[in-house]
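Okay, structure first, notes after.
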Amino acid sequence: MTEPARFDAIRTERLVMRRWLESDRTPFAVLNADPQTLRFFPQTLDRAASDAMIDRIEMLFDQQGYGLWALEVAQTGEFIGFTGLNPMPDGVPGAGGLEAGWRLAMPAWHHGYATEAARAALAVAFDGIGLDEIWSMTAVLNEPSQAVMRRLGLTETARFNHPRVPAGHPLQPHVTYHRSRSQAS
């Protein structure tokens, strides 16, 4: 059996996308506990859930060679969140494919970091692992993330009620964006 290609670290002009460190756990837990940062998610995460998320991300890195990279500002080494590639969940448009996703701490918003890092993730998706398509999804109310998706050249393909968000919750309506390899620039 052939080992998967490894993409443990990627550097962009201003950012380092890398595997997770123990020292990322505390700032990631702070990010996940902040109701303003997670305002487009049904709930915040406690420390145990945040740590479990890192453990799942690292397990996927070990299995597939890529995933949701911890994101830091290259100049300072400051941890600011994550950006990367993650399996689309069952029951949503694009299920079975890979999603480009991101979650950044509030002080990192409005600096272009999500777009910069997501472009690097798309390069891994299309040029590194040879995907034919990439997906992204968010709550319909999350206009900032949809703006990033559009800047990445993804186009809206479907609106749906997310099966993991409680019925009637304002964040249940979701939107899926898509881009194929032929659309890659």
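The values are calculated or read from the model by the stated rules, or taken from the named source; none is laboratory data. Quick caveat: nothing in here was measured; it's all calculated off a predicted structure. Cβ coordinates were reconstructed from backbone atoms using ideal geometry, including for glycine residues, and neighbour counts include every protein chain displayed. Accessible surface areas use protein heavy atoms only, side chains included; no ligands, DNA or RNA. Shrake-Rupley method; radii C 1.70, N 1.55, O 1.52, S 1.80 Å.
Some notes on this structure:
- Given (1) 0.98; (2) 0.93; (3) 1.00, the label whose value is Rg/Rh (Cα atoms, Kirkwood Rh) derived from this model: (2)
- Helical contribution to [θ] at 222 nm, DSSP H n ≥ 4, -39,500 (n - 2.57), averaged over the chain, rounded to 500: -8000 deg cm²/dmol
- Full extension of the chain between GLU13 and ARG56 gives 12.7 nm of extra length, using 0.36 nm per residue less the Cα-Cα distance.
- Along the chain, the longest continuous region that contains none of the GluC sites (Glu not before Pro) in a DSSP loop with at most 15 other C-beta atoms within 10 Å is 79-185.
- Segment 1-56: trypsin sites (Lys or Arg not before Pro) falling in loop per DSSP and having at most 15 other Cβ within 10 Å: ARG6, ARG14, ARG39
- For segment 53-62, the Karplus equation 6.51 cos²θ - 1.76 cosθ + 1.60, evaluated at θ = phi - 60°, returns couplings of 5, 4, 4, 5, 4, 5, 4, 5, 4, 4 Hz by residue, with Gly and Pro reported as x.
- Sulfur and carbon atoms: percent of accessible area, segment 68-162 [1.4 Å]: 51
- Net charge dipole, the chain: roughly 420 debye, given to the nearest 20, about the Cα centre with Cβ charges of +1 for Lys and Arg and -1 for Asp and Glu.
- One Cα centroid belongs to segment 32-90, the other to segment 152-185; the line between them spans 19 Å.
- For segment 106-165, applying the loop criterion from DSSP together with a ceiling of 14 other beta carbons within 10 Å to the trypsin sites (Lys or Arg not before Pro) yields ARG164.
- Accessible solvent surface per residue of segment 90-166, calculated while the other protein chains remain in place, 1.4 angstrom probe, Å²: 46
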